[in-house]
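Just below is one structure, and these are the notes that go with it.
The values are calculated or read from the model by the stated rules, or taken from the named source; none is laboratory data. Nothing here was measured: the structure is a model prediction, and the numbers come from that model. With ideal geometry, Cβ positions are generated from the backbone for all residues, glycine too; neighbour counts draw on all protein chains shown. All accessible areas refer to the heavy atoms of the entire protein, side chains included, with ligands and DNA or RNA removed. Shrake-Rupley method; radii C 1.70, N 1.55, O 1.52, S 1.80 Å.
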Amino acid sequence: MTLLLIISSVVRGYGQSLPFACAGTMEAYGVQGLPNSVYFWEVDGGLLVDTIYGLGNDSVIVRWDYERRTHSISVTEQTEFGCFGIPVGGSVSIHAPVANLQDQTVCADTVATFDGTISYTTPVSYLWPDGSTGETYSTGTAGYVWVKVTGTDQCADYDSAYLTVNPLPDVYIGKDTTLCGTESMTLDPGVFNEYQWSTGDISNTITVDGRR
């Protein structure tokens with residue numbers, strides 16, 4: 001019995017050394033055995049989704065998980081006479097880049113830059129929400145930002161991050177005022193974390209007079 005890997009009806013590999021699969025994808029696997037046999041499949045790291053043709057589960061669809069490691073698939077043939085054959089197995093290497101974006105926080109009127117650059121076994125391309133394809137993406141709009149990273153092996157991964165945009169402080173120290181002589185007044189802009197006055201003061205309030 002020969003273990004085959006079939007994708008879109010095209011045979012890509014034979015025996016116990018199967019082509020790789022992309023993480024999270026569905027692939028078709030089939031066997032060639034005796035007429036009227038029934039086949040029992042076991043998959044490590046994937047889910048048997050469905051049979052695709054034949055009467056004895058001779059071809060199945062597997063949805064692989066997202067673990068980037070070597071997975072296995074095996075099949076045992078039972079003939080129409082009730083005899084079981086030796087299990088035939090294959091190893092499938094699961095490939096995919098790992099996209100990685102980090103949440104960011106900026107102040108209003110400020111642009112944040114998200115960096116999608118990663119290392120992978122093949123060259124990669126990037127796709128951002130606006131259709132741009134660079135390694136980075138800049139925006140000042142609050143909300144989720146996503147990136148799709150695709151290797152030349154056609155394996156891809158997605159990631160998203162959230163941009164928080166904080167409003168600018170609403171500062172008000174009163175109307176323009178004229179002071180005479182030794183008159184003074186206290187300027188209070190409100191409650192904030194830090195203060196920096198034109199006088200060099202860093203306190204939350206300052207007192208000014210006609211000389212200051």
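Loop by DSSP (not H, G, I, E, B), at most 16 other beta-carbon atoms within 10 Å: where is the longest site-free stretch of the chain for GluC sites (Glu not before Pro)? Before the final figure, lay out each step's value.
Details: sites that count: Glu67, Glu80, Glu135, Glu183, Glu194.
Counting only loop sites that pass the neighbour cut-off, the longest clear stretch is 1-66.
What percent do you get for the relative contact order of the stretch 81-165 when only Cα pairs under 8 Å and 6+ apart count?
Numbers: 159 pairs, mean separation 30.1, N = 85.
Contact order relative to length: 35 percent.
Quick one: compute a quarter of the convex hull surface over the Cα atoms of the stretch 95-157 and quote it in nm².
Working: hull surface 16.7 nm².
The Cα convex hull of the stretch 95-157, projected and averaged over all directions, gives 4.2 nm².
Under 8 Å for C-alpha pairs, at least 6 residues apart: give me the relative contact order for the chain, rounded to a whole percent.
Details: 466 pairs, mean separation 30.6, N = 212.
14 percent.
Which are the unpartnered cysteines of the chain, meaning those with no other cysteine Cβ under 4.7 Å from their Cβ?
Cys83, Cys107, Cys180 - these cysteines have no disulfide-compatible partner (Cβ-Cβ under 4.7 Å) in the chain.
For the chain, with a Gaussian network of springs between Cα atoms less than 10 Å apart, report the residue from Ser160, Ser198, Ser74 with the top mean-square fluctuation.
For the chain, modelled as a Gaussian network with Cα springs under 10 Å, the answer is Ser198.
Build a GNM of the chain with springs between Cα atoms under 10 Å: which of Gln78, Gln102, Gln196 gets the top mean-square fluctuation?
It is Gln196.
Please go through the stretch 25-114 and write out the trypsin sites (Lys or Arg not before Pro) that DSSP classes as loop and that have at most 13 other C-beta atoms within 10 Å. Before the final figure, lay out the partial values.
Values: sites: Arg63, Arg68, Arg69; in loops: Arg68, Arg69.
Sites meeting the loop and neighbour criteria: Arg69.
Counting only protein heavy atoms, what percent of the accessible surface of the chain is carbon or sulfur at a 1.4 Å probe? Don't jump to the answer; show the numbers that get you there.
On the way: 6670 of 13080 Å².
Taking all protein chains in place, the chain shows 51 percent carbon and sulfur surface.
Taking the DSSP beta bridges in the chain as the whole, what percent of them are antiparallel, to the nearest 5? If you can, show how the numbers build up before the last one.
Values: 54 of 61 bridges.
Percent antiparallel among DSSP bridges in the chain is about 90.
For the chain, with a Gaussian network of springs between Cα atoms less than 10 Å apart, report the residue from Thr117, Thr178, Thr133 with the top mean-square fluctuation.
Thr178
Out of the stretch 25-101, which chymotrypsin sites (Phe, Trp or Tyr not before Pro) are coil in DSSP terms and have no more than 13 other C-beta atoms within 10 Å?
Numbers: sites: Tyr29, Tyr39, Phe40, Trp41, Tyr53, Trp64, Tyr66, Phe81, Phe84; in loops: Tyr66, Phe81.
Of the chymotrypsin sites (Phe, Trp or Tyr not before Pro), the ones in loops of the stretch 25-101 whose Cβ has at most 13 other Cβ atoms within 10 Å are Tyr66, Phe81.
Looking at (i) 1.41; (ii) 0.94; (iii) 0.99, which value of Rg/Rh (Cα atoms, Kirkwood Rh) comes from a calculation on the structure shown?
Correct label is (i).
Express the accessible area of the chain per residue in Å², computed with a 1.4 Å probe while the remaining protein chains stay in the model. Write down the numbers at each step before the final one.
Values: 13080 Å² over 212 residues.
On a per-residue basis, the chain sits at 62 Å².
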